Amino acid sequence: MGFSNETIESELQHVTKLHKKNLGELAELAFMRKAASMGYAVAKPWGDSDRYDVIVRFEKMFWRVQVKSVITARVSRHSYRVKTTRGGNGTYSTEEIDFLAAYVFPNDCWYIFPAAVVQGRDSVCVRPESKKCRLLQYREAWDLMKAPSDASSGALEPALAGAPEP
């Protein structure tokens, strides 16, 4: 459900001029659109004091998702460096988020990382155009959010699971 190359190029002309905060909000909106189109229920917590940006539900599983984005590649390596930190406040832990979703604007692609993969890291480097990228298994890995918590990373606990449905 991606966009045409012409649409992406046209949008990138405008996106590159956005303030960092606006770019992050646009990535969150893109995440919610994509997740909803794939059958997930999405909710945006009120305010921005939580460590996660979006709550995603699939059946009875609830996940806390932090959304990050990147717009420019590192020229020397043809890769995109996605910051996985909370500004100046350190890295994310499995106690704070269940997944980190990284959007690569120029390629219109997502990486869905279990929190255990990014925990304690300042960044991850992805190469959407390479079949040899060591993080390729997480590219468009939306199904990780359909699996029980132990299947997605080996140690994750769902944020809000276990609450009985009415």
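The values are calculated or read from the model by the stated rules, or taken from the named source; none is laboratory data. The model shown is predicted, which means the values in this text are computed figures rather than measured ones. Cβ placement follows ideal geometry from the backbone for every residue including glycine, while neighbour counts extend to all protein chains displayed.
When each of ASP98, ASP122 is tested for being under 13 Å from the mean Cα position of the chain (by Cα) and of a type in the set (D, E, K, R), the lone residue that passes is ASP98.
Could you please let me know if GLU157 is at pLDDT 90 or above, under 24 Å from VAL42 (Cα atoms), not hydroxyl-bearing (Ser, Thr, Tyr) and not in a helix (DSSP H, G or I)? So GLU157 fails the test.
Residue-wise test of (1) modelled with pLDDT of 90 or more; (2) of a type in the set (Gly, Ala, Ser); (3) in contact with a helix residue (DSSP H, G or I) (Cβ under 7 Å, 6 or more places away or on another chain); (4) in a loop (DSSP other than H, G, I, E, B).
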position: ARG33; (1), (2), (3), (4): yes, no, no, no
position: VAL42; (1), (2), (3), (4): yes, no, yes, no
position: PRO45; (1), (2), (3), (4): yes, no, no, yes
position: TYR52; (1), (2), (3), (4): yes, no, no, yes
position: ARG64; (1), (2), (3), (4): yes, no, no, no
position: VAL67; (1), (2), (3), (4): yes, no, yes, no
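Identify the residue in the stretch 49-85 that is exposed (fewer than 13 other Cβ atoms within 10 Å of the Cβ) and charged (D, E, K, R) and, among all such residues, is farthest from LYS21 (Cα to Cα). Spell out the reasoning first.
Applying the first criterion (exposed (fewer than 13 other Cβ atoms within 10 Å of the Cβ)) to the stretch 49-85 yields 49, 59, 72, 74-78.
Of the ones still in play, those that are also charged (D, E, K, R) are 59, 74, 77.
Details: GLU59: 32, ARG74: 21, ARG77: 26 Å.
For the stretch 49-85, the residue satisfying everything is GLU59.
In the stretch 81-135, counting only strands (runs of 3 or more DSSP E) that sit wholly within it, the ones holding 3 or more residues that are at pLDDT 95 or above span 99-104, 109-114.
Within the stretch 16-71, the residues that satisfy the criterion of being in contact (Cβ under 8 Å) with a residue 12 or more places away in the chain and among the polar types (S, T, N, Q) are THR16, SER37, GLN66, SER69.
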